[in-house]
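Peer 1: Sharing a structure, written as structure tokens. Questions coming.
The values are calculated or read from the model by the stated rules, or taken from the named source; none is laboratory data. Since the model is a prediction, treat every value here as computed from it, not as a measurement. Every residue, glycine as well, gets a Cβ built from its backbone with ideal geometry; the counts of neighbours run over all protein chains shown.
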Amino acid sequence: MILDFHVRPPYASFLQLDVFKRWQGHKQGPSHPSLLETDRQPVPSSDLSSMDLFLKEMDGAGITGCVVAGRKSPMQGSVSNDDIAALVQAHPQRFIPFAGIDPLAPDAEAEVERTLSDLAFKGICIDPGWCSTPMYADDTRMDPVFAACAAHKGIALVTSSPFHGPDLSYADPNAIARLARKFPHMPIVVAHASWPFVDMAVAVCQIAKNVYLAPDCYFAIRDMPMANQYLFAANSFLKYRMLFSSSYPVRGLKQSADAWNNSGLRSDVLERVLFQNAEELLGLKI
Amino acid sequence: MPPTGFRRRPVPSVEQGDIDLMMREMDEAHVDMAVIMGRESCGTGIGSVPNDEVYELVNRYPGRLLPFAGVDPYNPQAPKEIERCVKEMGFRGVSIDPGWCEPPLYPDDACITPIYETVNALGVIMVINCSSMLGPDLTYSNPIAIQRVAQRYPNMKIVISHGSWPHFDMAVAVAAVCPNVYIAPDCYLYVENMPMGDELVRAANTFLKHKLLFSTSYPIRGFKQAIETWSMRHFEPEALTLSLRDNAAQLLGL
């Protein structure tokens with residue numbers, strides 16, 4: 001059993017996101033693969049925009065549940081949170097909804113309230129580096145949105161990687177540490193886990209009990225620099241705070257799950273990371 | 001002993017100050033060509049080489065050496081000197097040492113802009129020396145400043161000489177998001193057991209395969225030893241060949 005903490009399924013307005021435009025029908029050229037292209041296998045459900053195939057790919061990868069990550073970004077495209085609600089309604093056992101929020105939008109707080117309270121979403125997704133004004137994760141302009149999330153006991157999924165923002169400083173996890181101190185009771189999941197600042201990211205988890213790392217492809221791609229540090233941490237103190245995620249469609253479900261299964265995580269750690277940590281965090285355990 | 005001095009074997013051509021001997025050492029190590037890196041620095045104890053001497057040396061061994069001009073960002077004549085070197089003498093690129101300027105500079109300092117503008121307009125290669133040894137503290141080797149330059153001039157090829165060591169984690173990420181950034185880690189990769197070196201090799205075996213460049217930083221090491229220990233790193237065969245030859249050939253248009 002596997003819970004995937006970060007997918008954008010090939011459904012409705014998700015298909016308008018830049019991440020789909022980037023990867024749909026992607027073919028690796030003969031030379032010069034970029035970081036995210038490294039050994040990437042084709043993803044039929046994404047290429048064919050097929051939810052039926054996606055569900056089959058979930059089953060084939062042993063993935064029983066997926067966090068559906070919304071996005072509202074003036075730079076990278078937006079997903080309707082109502083589309084997410086509709087998808088979850090159609091497959092309540094498979095999908096866990098997280099709302100996409102543009103923290104600088106005038107209705108941001110109201111949308112957090114609506115999705116977490118009225119629609120019973122489990123959390124919100126924020127891309128601080130991809131806002132109309134790129135921001136660091138602890139920017140005070142986002143405080144009201146995170147406060148609303150915390151008030152509704154939501155989880156904040158915050159993206160942090162070299163691609164999210166105008167330069168690498170936006171991936172520095174010190175901003176996550178400061179955000180975590182501001183909202184000590186709000187769980188924060190760092191999507192892409194602040195790569196390449198892996199040393200700092202695992203240390204942030206050490207000092208902030210509410211921070212979780214979801215390093216997705218930065219853990220799955222072979223020979224990823226610094227990834228061993230995620231591994232060392234997970235096999236010791238980070239055992240309860242690392243979460244499997246594919247970041248689909250950046251990488252397929254099966255390829256991601258296979259990579260994590262063969263990453264050198266100890267078997268007791270693997271169980272926690274692939275399933276139990278997410279299950280407990282999402283409150284799915286009965 | 002600085003980390004770069006670890007287990008250094010003597011280099012006769014350095015000790016004897018003999019340029020012909022250096023060329024023989026190149027032959028023995030099967031080094032076909034080498035970039036001659038100029039230097040102009042106002043920093044104390046750093047020194048300068050007239051670019052005309054670089055040109056003279058290159059012409060002494062036709063087909064073996066490629067000239068890069070050294071310029072000091074504080075020299076108001078730098079843009080003119082670059083134009084002269086490139087247009088009149090066929091230099092392939094320009095080298096700066098921001099951390100060794102006096103006072104020291106970060107690579108994205110506005111006072112370097114005239115140099116970047118000139119190099120960008122001429123379409124030659126920009127070499128930025130960047131490591132723990134350059135500058136009064138480690139912030140000067142943080143490659144985010146180079147990322148900002150790379151984004152301002154997306155068509156200007158930038159080589160990070162010394163690879164921003166020890167910040168190889170950041171350097172590979174900068175190279176991953178900036179197609180115009182190359183890494184030449186020299187001694188920070190070929191010195192045995194250099195911390196962070198393996199991270200760079202991992203990147204070179206995947207997404208950095210076409211952007212890692214071998215260099216000796218002679219006289220820090222002799223040619224033979226540098227190649228020997230570089231090759232002992234865990235490169236995949238294709239990545240090793242690319243780093244030793246093809247990547248540089250492609251970048252230099254050879």
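Peer 1: List every residue pair whose Cβ atoms lie under 8 Å apart, where the two residues are 6 or more positions apart in sequence or sit on different chains, the first residue falls within the range A:221-232 and is part of a helix (DSSP H, G or I), and the second residue, located anywhere, is of a type in the set (D, E).
Peer 2: Note: pairs meeting the criteria are A:Q229/A:D199.
Peer 1: A further question follows. Given the structure, is B:M194 within 11 Å of chain A (Cβ to nearest Cβ), touching a residue at least 12 places away in the same chain (Cβ under 8 Å) and not charged (D, E, K, R)? Give the derivation first.
Peer 2: Values: within 11 Å of chain A (Cβ to nearest Cβ): no; touching a residue at least 12 places away in the same chain (Cβ under 8 Å): yes; not charged (D, E, K, R): yes.
No.
Peer 1: Of the conditions (1) charged (D, E, K, R); (2) within 14 Å of chain B (Cβ to nearest Cβ); (3) farther than 28 Å from A:N277 by Cβ, A:D39 clears all except one; give me its number.
Peer 2: Looking at each condition in turn, A:D39 falls short on (3).
Peer 1: Kindly check whether there is at least one residue in the range B:78-99 that is free of Cβ contacts under 8 Å to residues at least 12 places away in the same chain and hydroxyl-bearing (S, T, Y).
Peer 2: No, the range B:78-99 has no match at all.
Peer 1: Search the range B:183-215 for residues being among the charged types (D, E, K, R) and part of a loop (DSSP other than H, G, I, E, B), and hand back the single one that is nearest to the chain's Cα centre (by Cα). Working first, answer last.
Peer 2: The first filter runs over the range B:183-215 and keeps only residues among the charged types (D, E, K, R), leaving B:186, B:192, B:198-199, B:202, B:209, B:211.
Add one more test, that the residue is part of a loop (DSSP other than H, G, I, E, B), and what stays is B:186, B:192, B:209, B:211.
On the way: B:D186: 8, B:E192: 20, B:K209: 17, B:K211: 13 Å.
Of everything passing the filter in the range B:183-215, B:D186 is nearest to the chain's Cα centre (by Cα).
Peer 1: Got a sec? Which helices (runs of 4 or more DSSP H) wholly within the range A:1-67 have at least 1 residues that are without any contact (Cβ under 8 Å) to a residue 40 or more places away in the chain and more than 28 Å from B:V181 (Cβ to Cβ)?
Peer 2: On the way: elements: A:18-23, A:44-47, A:51-61.
Hits in the range A:1-67: A:44-47, A:51-61.
Peer 1: Now for a different question. Quick one: how many residues across the range B:14-51 are in a helix (DSSP H, G or I), farther than 18 Å from B:S231 by Cα and either at pLDDT below 95 or within 21 Å of the chain's Cα centre (by Cα) (or both)? Let's see the steps before the verdict.
Peer 2: Within the range B:14-51, the first condition is being in a helix (DSSP H, G or I), and the residues that meet it are B:14-16, B:19-28, B:51.
Adding the requirement that they be farther than 18 Å from B:S231 by Cα leaves B:14-16, B:19-24, B:51.
When the remaining residues are screened for being either at pLDDT below 95 or within 21 Å of the chain's Cα centre (by Cα) (or both), the result is B:14, B:19, B:22-23, B:51.
Qualifying residue count for the region: 5.
Peer 1: Next question. If you scan the range B:130-181, which residues turn out to be of a type in the set (A, V, I, L, M), within 12 Å of chain A (Cβ to nearest Cβ) and farther than 18 Å from B:G93 by Cβ? Show your work before the answer.
Peer 2: Looking only at the range B:130-181, we keep the residues that are of a type in the set (A, V, I, L, M), and these are B:133-134, B:138, B:144-146, B:149-150, B:156, B:158-160, B:170-177, B:181.
Next, only the ones that are within 12 Å of chain A (Cβ to nearest Cβ) stay: B:144-146, B:149-150, B:170-177, B:181.
Across the range B:130-181, the qualifying residues are B:I144, B:A145, B:M170, B:A171, B:V172, B:A173, B:V174, B:A176, B:V177.
Peer 1: Next question. Filter the range B:52-81 for residues that are within 28 Å of B:T241 (Cα to Cα) and in a strand (DSSP E or B) and give the result.
Peer 2: Within the range B:52-81, B:L65, B:L66, B:P67, B:F68, B:A69 qualify.
Peer 1: Right, something else. Against the condition free of Cβ contacts under 8 Å to residues at least 60 places away in the same chain, farther than 26 Å from A:G165 by Cα, within 14 Å of chain A (Cβ to nearest Cβ) and part of a helix (DSSP H, G or I), how does B:D246 come out, does it pass? Outline the logic, then answer.
Peer 2: Numbers: free of Cβ contacts under 8 Å to residues at least 60 places away in the same chain: yes; farther than 26 Å from A:G165 by Cα: yes; within 14 Å of chain A (Cβ to nearest Cβ): yes; part of a helix (DSSP H, G or I): yes.
Criteria met by B:D246.
Yes/no matrix, rows are residues, columns are (1) touching a residue at least 40 places away in the same chain (Cβ under 8 Å); (2) assigned to a helix (DSSP H, G or I); (3) more than 18 Å from A:S73 (Cα to Cα):
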| site | (1), (2), (3) |
| --- | --- |
| A:A147 | no, yes, yes |
| A:K153 | no, no, yes |
| A:A156 | no, no, no |
| A:G165 | no, no, no |
| A:S169 | no, yes, yes |
| A:A177 | no, yes, yes |
| A:P184 | no, no, yes |
| A:W195 | no, no, yes |
| A:M200 | no, yes, yes |
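Peer 1: Can you work out which of the residues in the range A:262-286 that are assigned to a helix (DSSP H, G or I) and β-branched (V, I, T) is farthest from A:V67 (Cα to Cα)?
Peer 2: Quick first cut of the range A:262-286, residues assigned to a helix (DSSP H, G or I) only: A:267-281.
Retained after the next criterion (residues that are β-branched (V, I, T)): A:269, A:273.
Numbers: A:V269: 20, A:V273: 14 Å.
Once the filter is applied, the top-ranked residue is A:V269.
Peer 1: Any residue at all in the range B:236-254 that is farther than 24 Å from B:I36 by Cβ and buried (at least 21 other Cβ atoms within 10 Å of the Cβ)?
Peer 2: Yes: the range B:236-254 contains one or more residues that are farther than 24 Å from B:I36 by Cβ and buried (at least 21 other Cβ atoms within 10 Å of the Cβ).
Peer 1: Further, regarding this structure: Can you tell me which residue within the range A:218-263, out of those that are closer than 19 Å to A:Q28 by Cα and of a type in the set (A, V, I, L, M, F, W, C), is farthest from the other protein chains (Cβ to nearest Cβ)?
Peer 2: By that ranking, first place goes to A:L253.
Peer 1: Okay, next question. Out of the range A:203-225, which residues are within 19 Å of the chain's Cα centre (by Cα) and either under 20 Å from B:N205 (Cα atoms) or charged (D, E, K, R) (or both)?
Peer 2: Result: A:K209, A:D216, A:C217, A:Y218, A:F219, A:A220, A:I221, A:M224.
Peer 1: For the range A:165-172, indicate whether the set of residues that are buried (at least 23 other Cβ atoms within 10 Å of the Cβ), in contact with a strand residue (DSSP E or B) (Cβ under 6 Å, 6 or more places away or on another chain), within 14 Å of chain B (Cβ to nearest Cβ) and closer than 19 Å to A:L104 by Cβ is non-empty.
Peer 2: Among the residues of the range A:165-172, not one is buried (at least 23 other Cβ atoms within 10 Å of the Cβ), in contact with a strand residue (DSSP E or B) (Cβ under 6 Å, 6 or more places away or on another chain), within 14 Å of chain B (Cβ to nearest Cβ) and closer than 19 Å to A:L104 by Cβ, which makes the answer no.
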